[in-house]
Amino acid sequence: MASEFILETRGLTKEFKGFAAVQDVNLKIRRGTIHALIGPNGAGKTTVFNLLTKFLQPTRGEIVYDGVDITREEPAQIARRGVIRSFQISATFGHMTALENVRVGLQRRLGTSFHFWRSESTLRQLDAEAMALLEEVDLASYARTLAVEMPYGRKRALEIATTLALDPKLMLLDEPTQGMGHEDVDRVAELIKRVAAKRTVAMVEHNLSVVEKLCDRITVLQRGQILAEGPYSEVSKDPRVLEAYVGVEA
Ligand code: ADP
Ligand code: MG
């Protein structure tokens with residue numbers, strides 16, 4: 001039977017020259033939920049994501065995904081298991097169209113060789129799949145637009161589509177609404193909710209109204225350690241969280 005938690009860390013620690021950016025973190029992410037990681041700047045949120053995808057090697061601790069200890073696996077193995085992190089928009093190829101960007105993701109997933117994917121029929125099949133993914137994120141009308149020419153909010157949606165192309169089981173989103181205006185925030189939040197129906201999502205998010213609306217559970221990090229964990233209704237009332245996160249006296 002599949003465990004209740006798709007991901008668990010035990011004593012996860014990352015030190016940079018003796019400075020503990022992440023310290024003894026026991027994170028538990030329930031399967032099928034949207035889990036938020038919040039906390040002040042420098043709390044260690046991005047470092048946790050980098051550890052989960054093995055972009056960084058943990059100094060200590062374990063990472064268990066789907067009941068398997070993946071602590072010593074390579075980033076490519078972890079991606080193949082379906083733990084996929086979205087990158088900031090710089091990772092989309094500006095001088096490729098939206099459709100081509102998603103197709104690159106599909107090609108990466110298939111791992112098809114250069115010669116194979118160059119064949120006409122394979123390309124056409126990938127285009128159809130890429131188009132379906134663009135439709136899923138409401139970007140069908142941008143299919144032939146160069147990424148560099150897309151508005152910021154739409155580019156972030158494209159980034160989510162390229163992540164979806166890798167068929168994530170656990171999707172890690174680092175500040176998906178960062179730098180967006182109201183309208184784009186709502187649109188991307190709606191999009192995350194939609195894609196989360198079929199997978200687990202963990203997200204770093206500063207916009208607390210997005211967290212409240214979207215996320216089932218919240219982990220609050222402060223100075224590399226877990227300060228609180230629970231549903232928004234509880235965590236948002238925790239005096240320690242208010243003090244650490246909003247900077248107000250309890
Ligand atoms: P957050 O995403 O919560 O803002 P980060 O995970 O980016 O925080 O950073 C946590 C702490 O670790 C910060 O103090 C940051 O300066 C430090 N840090 C992050 N990456 C490195 C690195 N590669 N080398 C040294 N220090 C780092
Ligand atoms: Mg960060």
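The values are calculated or read from the model by the stated rules, or taken from the named source; none is laboratory data. Treat the numbers as computed from the prediction; the structure is a model and nothing was measured. So basically every Cβ, Gly included, is an ideal-geometry build from the backbone, and we count neighbours across all protein chains shown. Note: accessible area is taken over every heavy atom of the protein model, side chains too, but ligands, DNA and RNA are not part of it. Shrake-Rupley method; radii C 1.70, N 1.55, O 1.52, S 1.80 Å.
See the values below:
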{"read-out": "Residue in region 216-224 that is open to solvent by 10 Å² or more (accessible area, probe 1.4 Å) and touching a helix residue (DSSP H, G or I) at 6+ places or on another chain (Cβ under 8 Å) present", "value": "yes"}
{"read-out": "Some residue of region 111-119 being within 30 Å of Ala2 (Cα to Cα) and modelled with pLDDT under 95", "value": "yes"}
{"read-out": "Options Lys193, Lys198, Lys169, Lys213; residue that is open to solvent by 70 Å² or more (accessible area, probe 1.4 Å), in contact with a Lys or Arg (Cβ under 6 Å, 6 or more places away or on another chain) and either in contact (Cβ under 8 Å) with a residue 12 or more places away in the chain or within 24 Å of Leu126 (Cβ to Cβ) (or both)", "value": "Lys169"}
{"read-out": "Selected residue (criterion: nearest to Ala76 (Cα to Cα)) from residues of region 32-42 that are surrounded by fewer than 24 Cβ atoms within 10 Å (Cβ to Cβ) and within 10 Å of ligand 2 (Cβ to nearest atom)", "value": "Gly42"}
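Matching residues to (1) within 14 Å of the chain's Cα centre (by Cα); (2) touching a residue at least 24 places away in the same chain (Cβ under 8 Å); (3) open to solvent by 10 Å² or more (accessible area, probe 1.4 Å):
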site	(1), (2), (3)
Lys14	no, yes, yes
Gly18	no, no, yes
Val22	no, yes, no
Arg30	no, yes, yes
Gly61	no, yes, yes
